[in-house]
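Here is the structure we will look at.
The values are calculated or read from the model by the stated rules, or taken from the named source; none is laboratory data. Predicted model, so just to flag it, every value in this text is computed and none were measured. Positions of Cβ are generated from backbone atoms using ideal geometry, with glycine treated the same way; all protein chains shown enter the neighbour counts. Ligands, DNA and RNA are excluded from the accessible area calculation, which covers all protein heavy atoms including side chains. Shrake-Rupley method; radii C 1.70, N 1.55, O 1.52, S 1.80 Å.
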2 protein chains.
Amino acid sequence: MRLNDSDKSSSATRGAIRAVAEEMYAENGIDGVTTRALAERAGVNMAAVNYHYGNKDNLTMAVFRDVAHRTVQRRLKNLARIDATAQAEGREPTLPEIVEAFVDAYVNEDTPRTGVLLAHLVLQHRVRPSAWTRAIVREELDDFAITYMGFMRRAAPHLTEPEIHWRYHLMVGAVMMSLSDQARDGRMANLSKGLVHPEDRREFKDQLVAFLVDSLGHRRAPGGG
Amino acid sequence: MRLNDSDKSSSATRGAIRAVAEEMYAENGIDGVTTRALAERAGVNMAAVNYHYGNKDNLTMAVFRDVAHRTVQRRLKNLARIDATAQAEGREPTLPEIVEAFVDAYVNEDTPRTGVLLAHLVLQHRVRPSAWTRAIVREELDDFAITYMGFMRRAAPHLTEPEIHWRYHLMVGAVMMSLSDQARDGRMANLSKGLVHPEDRREFKDQLVAFLVDSLGHRRAPGGG
DNA sequence: TCGACTTTCAAACATACGTTTCAAACATGC
DNA sequence: GCATGTTTGAAACGTATGTTTGAAAGTCGA
């Protein structure tokens, strides 16, 4: 028996566990997945999870670290492209451009579960922060946040430095909550009696971008009152 | 032994349980409070929880239903006052007015834990919906949402009907997440290296209102692109 | 075919939690 | 003061979960 998992990467069992974990986390949330249910659905013995991943937290962390990493990479690529275009045209990136670069990872066709999974991670970290959620947020997401705020600064130069921070976090909050509502066919569809369709990627993207661009586009008098 | 709790309302034990539950839910989150820890901190036997409340879910539901109810009542009162003033002046309520009516329940001095608790409820409902979270959301919050959207419609007549729904939910999402960050001395304070102070009620309110008013104040071209 | 290593499996294990039990303490009306 | 109903208390219970165990099965090179 080996505890080091560096050599077990090609096992079919290991892969099945990983794939099913991602599915189930997206469907049931992080606390809603038990080792037993996971093993059964993957057609695998329960002990295999511990054999291949050491323990359940390790598996969970692997899944979500990967999701976070892929999301950030995609966004950084988007931002780099936008930056290049803007520079070539002798201007700064625009707000709609950078907002779209942010939400793209969620509304994109080829990464269907990404948004829901990342929302689960972030909400879990808020509802019940743990060692592994903290680790992922710090190691995979924090740097990107700083980078993104740099772009916000350039695209919305009227915002003060505190406003940049506040609005970045408010923006992330709005997006995460809307993703979690989209996930479990939710409150919004319900209250609107079918008027809005959160599961429609196009509508989702349009409404999200519109809201976010507006929310970043103007400045109030500071200190107000 | 009585299972009906209508007569046990005046017990000191019952009150202690309830008070400590509210404290602990605000501090540790909903899943972070065990019957044992609660009983110990309240200086009460574990069985008292079940004796006075039937079971733990009942207690939790009582706490959060009350928080939700009080929040909604306060907001309705705010909106009624705003409406009266506006009508007297022959105009519609303004966006800053109705946004402030919304966030007031959280930034107010005399209800310090309200915001954090309600955020825990809403996030819990998203992360892990259960019978009792669903019941509270439906019975205490949904009606208010409809009412509030009515005010949004009047204060922001340029928004289409779907936009009203989308932006209400995006707005709620942003607020809930910012409250949960304020709660556990959080990511925002951290990333900004002390530049912003989410625990400062005044700053919190100003930034929140500014963000929300902007996010509701303008309309993008629908369908975009 | 053998032997060493890896992987799978059913079962047992440890633990944390909400809940129940039942007797003791308490309160209250007569 | 006693009988009756209420509240408290320590301990036991049931259950769900992640984890460990030890043997069986599989893999593969010599």
message = Looking at region A:127-143, can you tell me whether even one residue there is crowded, with 22+ Cβ neighbours inside 10 Å, at the interface with chain B (Cβ under 9 Å from one of its Cβ atoms) and modelled with pLDDT under 95?
response = yes
key: Residues of region B:52-78 classified as away from DNA strand C (no atom under 16 Å from the Cβ) and in contact (Cβ under 8 Å) with a residue 12 or more places away in the chain, total   = 11
note = Note: among A:92, A:100, just one is of a type in the set (Asp, Glu), buried (at least 20 other Cβ atoms within 10 Å of the Cβ) and touching a residue at least 40 places away in the same chain (Cβ under 8 Å), namely A:100
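Go through region A:76-89 and give me each residue that's of a type outside the set (Gly, Ala, Ser) and surrounded by fewer than 20 Cβ atoms within 10 Å (Cβ to Cβ).
Across region A:76-89, the qualifying residues are A:76, A:77, A:78, A:81, A:82, A:83, A:85, A:87, A:89.
Output yes when any residue across region A:210-222 is aliphatic (A, V, I, L, M) and modelled with pLDDT under 90, and no when none is.
Yes; the residues of region A:210-222 include at least one that is aliphatic (A, V, I, L, M) and modelled with pLDDT under 90.
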ask   = Out of region A:198-208, which residues are open to solvent by 20 Å² or more (accessible area, probe 1.4 Å) and more than 7 Å from chain B (Cβ to nearest Cβ)?
value = A:199, A:200, A:201, A:202, A:203, A:205
request  = Return yes when residue B:75 is part of a helix (DSSP H, G or I), more than 9 Å from chain A (Cβ to nearest Cβ) and under 16 Å from the mean Cα position of the chain (by Cα) and no when it is not.
outcome  = yes
task = Could you list, in sequence order, all residues of region B:24-50 that are open to solvent by 20 Å² or more (accessible area, probe 1.4 Å) and within 7 Å of DNA strand C (Cβ to nearest atom)?
result = B:34, B:35, B:36, B:46, B:47, B:50
Residue check for residue B:57: farther than 28 Å from residue B:207 by Cβ and open to solvent by 30 Å² or more (accessible area, probe 1.4 Å) = yes
query = If we keep just the residues of region B:21-56 that are in a helix (DSSP H, G or I) and under 19 Å from the mean Cα position of the chain (by Cα), which is nearest to DNA strand D (Cβ to nearest atom)?
reply = B:21
Residues being open to solvent by less than 20 Å² (accessible area, probe 1.4 Å), free of Cβ contacts under 8 Å to residues at least 40 places away in the same chain and within 7 Å of chain B (Cβ to nearest Cβ) - total across region A:155-168 = 2
query = What is the number of the single condition among (1) free of Cβ contacts under 8 Å to residues at least 60 places away in the same chain; (2) more than 30 Å from residue B:199 (Cβ to Cβ); (3) more than 16 Å from DNA strand D (Cβ to nearest atom) that residue B:13 does not meet?
reply = (3)
note = Within region A:173-197, residues being open to solvent by 10 Å² or more (accessible area, probe 1.4 Å), more than 7 Å from chain B (Cβ to nearest Cβ) and touching a residue at least 12 places away in the same chain (Cβ under 8 Å) number 4
